[in-house]
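Right, one structure below, let's go through it.
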């Protein structure tokens, strides 16, 4: 069943929490919540479905960055439907106002992990690809279902998973280096940048240019140390390079505060200062590990040195991160 949405201008800001959404799975998952937070203008954060989901909602429809866990896809759709009713009410319009329905048009996957791609199939089927005019040829004859966009390595890696995900869950439009949507979406350019060999080898950051909002995927989080997925092409130097590229793109409002808003793969909305602190932490840990490698220390000895003790109270145990850094610098999988 396709979900229809009412799209109108948004004037108010606030935090909206929606529990027990339409289509939510039965059982324990029914007690979970998808929390909706305004980011800026028509950009919203949907948290609680797995990895953070970013939604651009406007006259052209809905664009999502990531889709959360598979079991939470129904709750994401329910939260989007409820959000649009809230938007209609804020605009003084009745819910039954005959505003043309605007479906989900795009899902952009920042990387391959299932907490960010698991909802692809169900959420995509609830949407509709843009066709007609000068964009008809861009996506071939696919008229039903939202277009799933990802860097080529995401499609390659998902194709290696056993059992292979359903065809409808796979990216239907891929790119290699960088990509931008061929047209303004909801009044702004949407720019996709490939961050190679960082968290994985298929990471994408998404920049909403007019809104000045960056979605980072799991390159940057506020809840844990980086997960350097060596098996899927991640590396510590690529992680640092990616964080630096995010900082190059972001602009502070005053000193290092405010300005460009940065939405991590997990955790709260941030600004450039948060990314700078995180980048510095990652760089310091890398340098500490590299120094011990030069002294021919074993992995067990490096872990025993407690190189992340400065940040463990905030992020938890750093053993997995230190091990990934050690293996990345030693070129060991």
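Computed from the coordinates by the stated procedures, all read-outs in this text should not be read as laboratory data. Just so it is clear, the structure is predicted and the values come from calculations on it, not from any experiment. Virtual Cβ from ideal backbone geometry, glycine too; neighbours counted across all protein chains shown.
A few notes on this one:
- Peptide packing for 45-54, 197-206 was compared via the average number of neighbouring C-beta atoms within 10 Å per residue; ordered from the highest value, the list is 197-206, 45-54.
- Ellipsoid equivalent to the range 264-333 - semi-axes via the Cα gyration tensor, in Å: 24, 12, 11
- Each of 172, 235, 330 has some number of other Cβ atoms within 10 Å of its Cβ, and from fewest to most they run 330, 172, 235.
- Efficiency of FRET between residue 293 and residue 162 - r from beta-carbon atoms, R0 25 angstrom, step 0.05: 0.15
- For the peptides 316-328, 109-121, the ranking by mean Cβ contacts within 10 Å, running from highest to lowest, is 109-121, 316-328.
- Bins of 5 Å from zero: percent of alpha-carbon pairs in the range 202-287: 3, 15, 28, 27, 17, 8, 2, 1, 0
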